[in-house]
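These notes are about the structure you will find just below.
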Amino acid sequence: MPGITREEVAHLARLARLELKAEELDHFAGQLDDIIGAVARVSEVADQDVPPTSHPLPLTNVMRTDEVRPSLTPQQALACAPAQEQQRFKVPQILGEE
Amino acid sequence: MTVTELVSYEDALAAYDPVMGLEVHVELGTKTKMFCGCSTALGAEPNTQTCPTCLGLPGSLPVVNATGVESAIKIGLALNCEIAEWCRFARKNYFYPDMPKNFQTSQYDEPIAFNGYLDVDVDGEVFRVEIERAHMEEDTGKSTHVGGATGRIHGAQHSLLDYNRAGIPLIEIVTKPIVGAGAKAPEVAKAYVTELRELIKSLGVSDARMEMGQMRCDVNLSLRPQGADKFGTRSETKNVNSLRSVERAVRFEIQRHAAVLGDGGTIIQETRHFHEEDGSTTSGRVKEEAEDYRYFPEPDLVPVAPARTWVEELRGGLPELPRVRRNRLREEWGLSRHEMQSVLNAGAIELITATIDEGAPADQARKWWMGELARRANEDGVELTALPITPAQVARVCALVKEGSLNDKLARQTIEGVLAGEGGPDEVVAARGLKVVSDEGALGTAVDEAIAANAAIADKIRGGKVAAAGALVGAVMKATRGQADAARVRELILEKLGVEG
């Protein structure tokens, strides 16, 4: 029984601004289901007394002092931009939101 | 778009009880960004303060700014919050060009500070606003929309992004639902944001200038029928960025909600945009559910676990908080709560304090800043602090009045001269010739002339109508073009007419 539906994949695709074809929705629903199923097996092994791990290293409080370091030049920053204008990143029309 | 006919504020309040939630974002005044060493200096050329981390380039790793965490803890402590023993950052995922990483690094269910309160003064009464949480996050880049009619996103052909601001530390402070404010809800909202701004400034963690976007407020509001327990559906008005606007936004939303509900309609949970021009709000987007952001613990940043010794050290180093200080000053200056509120609203506390520090008596310092100078600032549409006169100069005017070389009228002219850029008080007095006529001989002559010219009045005074002396004082003041000491003139008149004052 698939846990991930086509509709959920379509919703995720919308959040990720991805345009998916009908056959892709089916394809990814199956794949995502397999992935989640595999990960879910961890919880079968881990009992209640094992807390979820977000960080594998036993470290806390890694901080830096508030000192300015050199930034990239704007030319470097924009080097990989597909489009630029007025020393800014140029992006396509932003639709559907304000 | 349907235009809703607003219900009058009084009618809205008669039927419904407003519940508010305020979310305030404060941009910290750190030298560098929250997760990288890029400068946060204002006014830089576009995209000159970015690096692989704040541009979200592959392989880059964030490191937390220690001063950012310290500032967050200070704010939490000043808001009477508990400080987390251990907390994590989280990714808030959304695809929007203002964040090149495609997520904002924020905190989700483990804020660094939680469960606090802030007491605010409303009409001389104390209103306690409960604080849900204060958490650390980062600002977004700045978008410029090109091709639309008014620089707005609607109709824009494309947008341009400057990421200098992306990654600047933000503290988001969220209240618990504010209930019980009733008709005073707009004032409570404004008083809360005002108090919070004063608090942030006193901590020295941000200049908190709303007009510069260093402090921004979102207003959540819902109505429930009078007597009901359950909250209604809320709207979230974004980016209400002045104290006056906070008050107006709350008032408008109360009237709008009441109109919709009164017509049997339902409030949609949505974000709304506030319009500075007329104080109205319009529909924005339908709000995402929290799960749409797919929050998860940020794997690239290890947890923050502030040592209790550090927290207590920071608590010990907190300055006298604004409300406590205000109450102390209020007693020292001998003001009522209401008068002190006016001083606060006028932004005059620091100016008056500084003027007193320069040697002026409290009542005089307050009189000038809240009177003549407040009037001028109001006329010119500027903040008091923007007037071209210093506390030291106001204190000098007070000193000249005290030593008797200026009377009230001349002092006002002196201040006028300073504001007009004619120099300091002494220069203005010298240049305009504004000295009180204290030459007893000249004054005596003027008094004699006034008595001679107003024989009937003089007779009344001789007959015991001392109050009539005012008319003669006026005549002498006119003759000396206002440059006489009115009290001394009155003495001389009564003396010459042989009457006891």
Place a point 7 Å from the Cα of B:Glu211 in the direction of its beta carbon; the residues of segment B:373-412 whose amide N falls under 19 Å from it are B:373-391
Computed for the protein assembly as shown: size of charge dipole around the Cα centre, +1 on C-beta of each Lys and Arg, -1 on C-beta of each Asp and Glu, debye to nearest 20, value 1360
Output ordering of B:273-279, A:4-10, B:244-250 (per-residue mean of other Cβ within 10 Å, highest first) is B:244-250, A:4-10, B:273-279
Whole-Å distance linking the alpha carbon centroid of segment B:56-88 with that of segment B:178-206 is 23
Note: chain B, point scatterers on Cα, Debye, no solvent; log10 I/I(0) at q = 0.07, 0.08, 0.11, 0.12 Å⁻¹ equals -0.54, -0.66, -1.02, -1.14
Using alpha-carbon coordinates alone, the radius of gyration and Dmax of the protein assembly as shown in Å work out to 32.0, 114
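Within a 10 angstrom radius of each residue's Cβ in B:277-285, how many Cβ atoms of other chains show up on average? Whole number is fine.
Neighbouring Cβ atoms belonging to other protein chains average 1 per residue here.
Using a Förster radius of 60 Å, what is the FRET efficiency between B:Glu23 and B:Glu427 based on their Cβ-Cβ separation? Nearest 0.05, please.
Numbers: r = 50 Å, r/R0 = 0.83.
Computed FRET efficiency for B:Glu23 and B:Glu427 comes out at 0.75.
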Partner shielding of B:235-242, taken as the mean number of other chain Cβ atoms within 10 Å, equals 0
In nm, the gap between the two label points placed 7 Å beyond Cα toward Cβ at A:Gln87 and B:Asn378 is 4.4
Computed over segment B:202-320, the convex hull of the Cα set has an average projected area, in nm², of 12.1
Segment B:48-74 scanned against label point 7 Å out from A:Thr53 along Cα→C-beta; backbone N under 19 Å for none
Distance in Å, no decimals, from the C-alpha centre of segment B:332-377 to the one of segment A:1-42 is 65
Of the candidates B:Gly29, B:Val499, A:Ala77, the farthest towards the positive dipole end of the protein assembly as shown (Lys/Arg Cβ +1, Asp/Glu Cβ -1, centred on the Cα centre) is B:Val499
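Any idea what the relative contact order of chain B is, in percent, if you count C-alpha pairs under 8 Å spaced at least 6 apart? Present the calculation step by step, with values, prior to reporting the outcome.
On the way: 891 pairs, mean separation 70.3, N = 501.
Relative contact order here is 14 percent.
Give the average, rounded to an integer, of partner chain Cβ atoms located within 10 angstrom of each Cβ in A:80-91. Please list the in-between numbers first.
Details: counts 2, 4, 0, 2, 4, 5, 6, 6, 12, 13, 6, 8.
Whole-number average of other-chain Cβ neighbours for A:80-91 is 6.
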At q = 0.15, 0.31 1/Å the base-10 log of I(q)/I(0) from the Debye formula over the alpha-carbon atoms of segment B:440-496 is -0.33, -1.44
Using alpha carbon centers only, segment B:424-501 is separated from segment A:57-83 by a whole-angstrom value of 74
Under 5 Å from the placed amide H of A:Val62, counting only residues 5+ away or on other chains, we find B:Val302
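Each reported figure results from applying straightforward, stated rules to the coordinates on display, with no laboratory input. Given the structure is predicted, the values throughout are model-derived calculations rather than measurements. All Cβ positions, glycine included, derive from the backbone under ideal geometry; neighbour counts span all protein chains shown.
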